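Quick notes on the structure that follows.
The values are calculated or read from the model by the stated rules, or taken from the named source; none is laboratory data. On a predicted model such as this, the values are computed, not experimentally measured, just so you know. Virtual Cβ from ideal backbone geometry, glycine too; neighbours counted across all protein chains shown.
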Amino acid sequence: MIYNRKKFLTLFAQTLGLIACHTTVLGQISVLKLRESAFSKGLKYIGRALELEGYYVWCSSPIYANDGQVHIFFSRWKQELGMGGWLKGSEIVHATASAPDQPFVVKETVLAPRGAGYWDATTCHNPSISQFNNTYYLYYMGNSNGKTNTKRIGLATAESLDGPWKRTDQPILEAGEEGSWDDHCTTNPTVIQTAEKAYYLFYKSWNTADYLAGKGAVRGNRKYGLAVASSPEGPFKKYAHNPVIDFSAKGGNAQFEDAFVWIEKGVFYMIARDMGVQSHEDGLLMRSADGKKWSEPALAFKAVTAYTKEGPYPAFLKRVGRLERPMLLLNKENQPEWLFGASQGGKYNTSSAMVFRCSSNQIW
């Protein structure tokens with residue numbers, strides 16, 4: 001066989017370029033380097049918030065009140081339950097502040113587990129607050145057995161951010177039929193109103209058989225689906241071509257979670273936590289013209305260690321360095337002003353919110 005040396009060197013250089021952009025994980029190819037978005041470049045770390053003695057704090061969903069005050073709905077559970085207490089003892093709590101970078105004052109628990117006989121008997125978690133017309137909608141996840149397979153999305157409504165809150169008797173979105181991609185649960189809701197006055201509910205789920213057969217720290221593959229309704233209360237009908245985002249083909253069990261969706265200047269944007277596309281510490285940003293077909297991800301935010309140096313922390317805090325549950329505080333033009341996330345650590349060696357200023361007027 002006769003080799004063309006110039007051609008060989010060219011192909012070799014191209015191969016090295018591909019290797020520089022990808023890494024092998026368990027024999028499969030996974031993306032290593034994402035383009036950093038303008039949104040990410042504009043983030044300014046402010047500090048921790050909602051550090052509560054005796055509690056883990058997670059899932060901080062902010063909203064402006066009509067008077068300009070910031071209201072936040074967050075999850076918390078008792079410290080003695082450990083990090084896993086979110087699944088079997090979380091409650092949703094209301095707090096307020098004069099501004100996002102000012103101290104929050106805890107007001108009251110708005111949703112707590114209701115006990116035996118209810119779909120949200122054992123936990124209330126993943127709050128996502130929205131205002132449509134003159135009503136506030138608090139979407140959340142509950143479960144009835146302290147496990148993931150009964151996680152379902154529900155809803156509480158109120159005419160004021162101070163309540164009273166009225167819950168639905170049943171979940172507003174059920175899991176899929178056995179064998180479907182979303183037969184395990186429905187969780188992590190984020191809801192928007194489109195220009196056509198439809199309500200899009202994006203939700204996370206995965207397949208039970210894949211989950212049970214999985215090995216390692218992350219079992220199953222989390223994907224996102226879409227359900228549509230003409231009212232923010234539903235009934236929601238699942239999109240026929242779900243899941244709308246599926247990273248499993250990238251290899252290495254790449255996936256994501258904790259999506260927050262908003263529409264700005266007619267474009268759908270989604271911010272989420274990476275679970276293996278690039279790493280498990282970064283954030284992903286995607287965009288779409290219709291909320292159904294989404295772009296490849298860009299980098300939405302970096303690992304916590306890129307913004308602040310904390311610790312050392314006890315070994316039982318195994319997720320230090322991750323910013324999870326990213327949620328945005330939007331202004332009246334639906335533009336991001338502040339990013340809230342959740343991260344282990346803080347002065348009580350539990351977890352709390354982290355706050356960032358969004359200083360870029362560009363997203364992508």
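Some notes on this structure:
- Screening the stretch 88-189 for strands (runs of 3 or more DSSP E) wholly inside it with 3 or more residues that are of a type outside the set (Ser, Thr, Tyr), surrounded by 19 or more Cβ atoms within 10 Å (Cβ to Cβ) and at pLDDT 95 or above returns the ranges 91-97, 123-132, 135-143, 152-158.
- Consider the stretch 58-87 and keep the residues that are part of a strand (DSSP E or B) and of a type in the set (A, V, I, L, M, F, W, C). The one that is farthest from Val191 (Cα to Cα) is Trp77.
- Test for Ala209: is it farther than 19 Å from Tyr269 by Cα and either out of contact with any strand residue (DSSP E or B) (no Cβ under 7 Å at 6 or more places or on another chain) or buried (at least 21 other Cβ atoms within 10 Å of the Cβ) (or both): yes
- Boolean, Ser180 is in contact with a Ser or Thr (Cβ under 8 Å, 6 or more places away or on another chain), without any contact (Cβ under 8 Å) to a residue 60 or more places away in the chain and assigned by TED's automatic domain parsing to the domain that holds Phe132: no
- Filter pass, Glu53 being over 18 Å from the mean Cα position of the chain (by Cα) and either in the same structural domain as Gln193 (by TED's automatic domain parsing) or aliphatic (A, V, I, L, M) (or both): yes
- Only a single item in (1) of a type outside the set (Lys, Arg); (2) in a loop (DSSP other than H, G, I, E, B); (3) in contact with a helix residue (DSSP H, G or I) (Cβ under 8 Å, 6 or more places away or on another chain) is not met by Gly252, and it is number (3).
- Selection count where residues are in contact (Cβ under 8 Å) with a residue 60 or more places away in the chain and either basic (Lys, Arg) or assigned to a loop (DSSP other than H, G, I, E, B) (or both), scope the stretch 334-360: 8
- Of the set (1) within 27 Å of Ser60 (Cβ to Cβ); (2) out of contact with any Pro (no Cβ under 7 Å at 6 or more places or on another chain); (3) touching a residue at least 12 places away in the same chain (Cβ under 8 Å), all apply to Leu284 but (2).
- Inspection of the stretch 300-310 finds no residue satisfying the criterion of being of a type in the set (D, E, K, R), touching a strand residue (DSSP E or B) at 6+ places or on another chain (Cβ under 6 Å), over 22 Å from Leu339 (Cβ atoms) and in contact (Cβ under 8 Å) with a residue 24 or more places away in the chain.
- Some residue of the stretch 101-117 being touching a Pro at 6+ places or on another chain (Cβ under 9 Å), free of Cβ contacts under 8 Å to residues at least 60 places away in the same chain and farther than 24 Å from Ser144 by Cα: no
- Neighbours by Cβ (under 7 Å, 6+ apart or cross-chain): first from the stretch 197-214, assigned by TED's automatic domain parsing to the domain that holds Trp181; second surrounded by fewer than 16 Cβ atoms within 10 Å (Cβ to Cβ) and among the charged types (D, E, K, R): Tyr211/Arg219
- Test for Ile46: is it of a type in the set (Val, Ile, Thr) and within 18 Å of Arg322 (Cα to Cα): yes
- Checking each residue in the stretch 289-328 for being surrounded by fewer than 18 Cβ atoms within 10 Å (Cβ to Cβ) and either aliphatic (A, V, I, L, M) or touching a His at 6+ places or on another chain (Cβ under 6 Å) (or both) picks out Ala289, Ala303, Ala306, Ala315.
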